[in-house]
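Input: a single structure, listed below in structure tokens.
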Protein chains: 2
Amino acid sequence: MTMAQQFWTEDVTELLRVREGFDLRSVDPDATPGTVADKKGGQAELARSAQELRGLQEKLFAQSRIGAPERLLVVLQAMDAAGKGGIVNHVFSQVEPYGLALTAFKSPTEEERANDFLWRVEPRVPGPGVIGVFDRSHYEDVLIQRVRGFAPPAEIERRYGAIADFEQRIATAGVRIVKIMLHISPEEQAERLRSRLDEPEKHWKYNTGDVDERVFWADYMEAFQIAIDRSVAPHAPWYVVPANAKWYARAAVQRIVISELQAMRPEWPEVEFDVEAEKVRLAGTAGLRWPS
Amino acid sequence: MTMAQQFWTEDVTELLRVREGFDLRSVDPDATPGTVADKKGGQAELARSAQELRGLQEKLFAQSRIGAPERLLVVLQAMDAAGKGGIVNHVFSQVEPYGLALTAFKSPTEEERANDFLWRVEPRVPGPGVIGVFDRSHYEDVLIQRVRGFAPPAEIERRYGAIADFEQRIATAGVRIVKIMLHISPEEQAERLRSRLDEPEKHWKYNTGDVDERVFWADYMEAFQIAIDRSVAPHAPWYVVPANAKWYARAAVQRIVISELQAMRPEWPEVEFDVEAEKVRLAGTAGLRWPS
């Protein structure tokens, strides 16, 4: 029994993966499915599995150097203050910087709005061997844009078709897509926003717009339910992670990413040059000294 | 006395900064100036100072959110296998992914060669609040290009003027520039290349071209000496770091980066919204429940 199995009493990826008939209202943001551990145990698990994550990522990166097309794209979506930043800083900081491509999508610029909603997304799809992380994504274009009426219903509908085509296309090119919703309660959000106001060192993280969006909570949850229903696919699964307990959400996302990387079966690549011949060539330069 | 001071017996940034009359031949790649510690001590120092580095980086990032233009650009140059990758994976992995922009410059593509040598560099200058790291850089255009004659002398000369203008311009825009040469000996390089051939898990890191470049060692060192002489400036200093001992090079680069960040004096920003008014607005949404 591995240490990870001691923390996880069940396969958390199976527990959190969205299936037929999924109902967001049935997910308790306070729950910690798959483990009976506490905060201390969660933090220990996060540290303990870092090497497992990094080892898989290194192999993924290495095999891309000789042409393997596989890469992973992790889409993070959530209400404000749900912990996306913490996931990046505590989970994805565990992989090598060379193997990570992080994009934080903001409100679209004028140029981005003048183009199709996928125009800014396409260039951010990770290259071979890389783990791409989207902090917000093209799903904003069917979430906030629906809730706040920034786009009419017919356009939202068109976007679902475009998202399906886009994700199918990049999956065919070797991108494994994992979509994760961090699910917090409105009470937990209020506490987190309050702590940003109470602590001067956190003031910069506070956005006055967050309270404005907050009152549309029910509309956002409806939009999430629809977005998940419309875009869940075998090649692009959704996971909904209870996120009121930060330690749980981080350990769960780490385990989901590890599990997805394992499914990709990365291997140390076989190189094409003649290793023995290179040893001879290198030995031929053994006398090199500088300054001579 | 801080823990860091226990490791560093002298100010390593002063010891390694290139000054008037610098002579590369006088730098011993085996030396570990500024400390009497060993590998174990170096690894401990690297872990111990991680929080100091991250704290500075977080402030730099935070203040940029309200408009501060400052950012740091770290240029890493070295012979193959000198440890640039290790510096990125062991030092720069300590900062938040949001605050790091890593660019590994490869051999120029056809499109890059069709443009000026700075064409591909300009878009990779880090944005406000971010630590940019160049694994290789525009200095390749006056190093390998000089040594291998890919560009004629007049063009190399023109590039020195262009580099000076470029670095002056971005410094004026708020970019603190730090240029670091990791300095290994040809004997140490041979050992590292050999280990890449001996260990199948490292085969992918081996490049058959490395042996070809290796025989031009003296020419490369001459090109480095000229590049450093021609581009050292108060706003864009060079540091030459003895790098035969990986633990030393990593601790030294970490300390140089910390020192440069300290000199930038990043501060938690004062926000412009009314904190007390926001607390009231937020409290007004305290009754929010979902599902209702």
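The values are calculated or read from the model by the stated rules, or taken from the named source; none is laboratory data. Predicted model, so just to flag it, every value in this text is computed and none were measured. Don't worry about glycine lacking a Cβ; one is built from the backbone with ideal geometry, like all the others, and counts go over all protein chains shown.
Of the residues making up the stretch A:65-80, one or more are modelled with pLDDT of 95 or more, of a type in the set (S, T, N, Q), closer than 30 Å to A:R214 by Cβ and surrounded by 16 or more Cβ atoms within 10 Å (Cβ to Cβ). Applying the set (1) of a type in the set (A, V, I, L, M); (2) assigned to a strand (DSSP E or B); (3) surrounded by fewer than 23 Cβ atoms within 10 Å (Cβ to Cβ) to A:A62 leaves exactly one unmet item: (2). Number of residues in the stretch A:243-289 that are farther than 17 Å from B:T208 by Cβ and touching a Ser or Thr at 6+ places or on another chain (Cβ under 7 Å) equals 8.
No other residue among A:I256, A:I180 is away from every other protein chain (no Cβ under 14 Å), β-branched (V, I, T) and more than 14 Å from A:A78 (Cβ to Cβ) apart from A:I256.
Any residue that is among the acidic types (D, E), buried (at least 17 other Cβ atoms within 10 Å of the Cβ) and in contact (Cβ under 8 Å) with a residue 60 or more places away in the chain - is there at least one of those in the stretch A:127-135? No, because not a single residue in the stretch A:127-135 is among the acidic types (D, E), buried (at least 17 other Cβ atoms within 10 Å of the Cβ) and in contact (Cβ under 8 Å) with a residue 60 or more places away in the chain. B:L193 - would you say it is of a type in the set (A, V, I, L, M), under 24 Å from the mean Cα position of the chain (by Cα) and under 19 Å from A:V275 (Cβ atoms)? Considered against the rule, which asks whether it is of a type in the set (A, V, I, L, M), under 24 Å from the mean Cα position of the chain (by Cα) and under 19 Å from A:V275 (Cβ atoms), B:L193 comes out as yes.
Select the helices (runs of 4 or more DSSP H) contained entirely in the stretch A:171-245, then report the ones holding at least 1 residues which are touching a strand residue (DSSP E or B) at 6+ places or on another chain (Cβ under 9 Å).
Of the helices (runs of 4 or more DSSP H) lying wholly inside the stretch A:171-245, those with at least 1 residues that are touching a strand residue (DSSP E or B) at 6+ places or on another chain (Cβ under 9 Å) span A:217-231.
Within the stretch B:58-84, the set of residues being touching a strand residue (DSSP E or B) at 6+ places or on another chain (Cβ under 8 Å), within 11 Å of chain A (Cβ to nearest Cβ) and closer than 22 Å to A:T103 by Cα comprises just one member, B:S64. Within the set A:R230, A:R214, the sole residue that is more than 9 Å from chain B (Cβ to nearest Cβ) and either free of Cβ contacts under 8 Å to residues at least 40 places away in the same chain or of a type in the set (D, E, K, R) (or both) turns out to be A:R230. How many residues are within 14 Å of chain A (Cβ to nearest Cβ) and either surrounded by 13 or more Cβ atoms within 10 Å (Cβ to Cβ) or within 21 Å of B:R169 (Cα to Cα) (or both) if we restrict to the stretch B:98-122? So the count comes out to 8.
Just one of (1) within 13 Å of chain A (Cβ to nearest Cβ); (2) in contact with a helix residue (DSSP H, G or I) (Cβ under 9 Å, 6 or more places away or on another chain); (3) closer than 27 Å to B:R196 by Cβ fails for B:Q43. It is (1).
Identify, please: which residue in the stretch B:259-292 is among the basic types (K, R) and in a loop (DSSP other than H, G, I, E, B) and is, among those, farthest from the other protein chains (Cβ to nearest Cβ)?
Within the stretch B:259-292, the first condition is being among the basic types (K, R), and the residues that meet it are B:265, B:279, B:281, B:289.
With the extra rule that they be in a loop (DSSP other than H, G, I, E, B), the set shrinks to B:265, B:289.
Numbers: B:R265: 16, B:R289: 6 Å.
Checking each candidate, the answer is B:R265.
Whenever a residue of the stretch A:151-178 is without any contact (Cβ under 8 Å) to a residue 24 or more places away in the chain, its partners that are in a helix (DSSP H, G or I), lying with C-beta atoms within less than 7 angstrom and at least six residues away or across chains, give the pairs A:A151/A:Q145; A:I156/A:Q145; A:I156/A:R146.
With respect to B:T172, determine if the residue is surrounded by fewer than 20 Cβ atoms within 10 Å (Cβ to Cβ) and under 15 Å from the mean Cα position of the chain (by Cα). In short, no. Just one of (1) out of contact with any Leu (no Cβ under 8 Å at 6 or more places or on another chain); (2) surrounded by 17 or more Cβ atoms within 10 Å (Cβ to Cβ); (3) within 16 Å of A:I258 (Cα to Cα) fails for A:L56. It is (1).
B:Y139 fulfils the conditions (1) facing chain A (nearest Cβ under 10 Å); (2) surrounded by 21 or more Cβ atoms within 10 Å (Cβ to Cβ); (3) assigned to a helix (DSSP H, G or I) except for a single criterion, (1).
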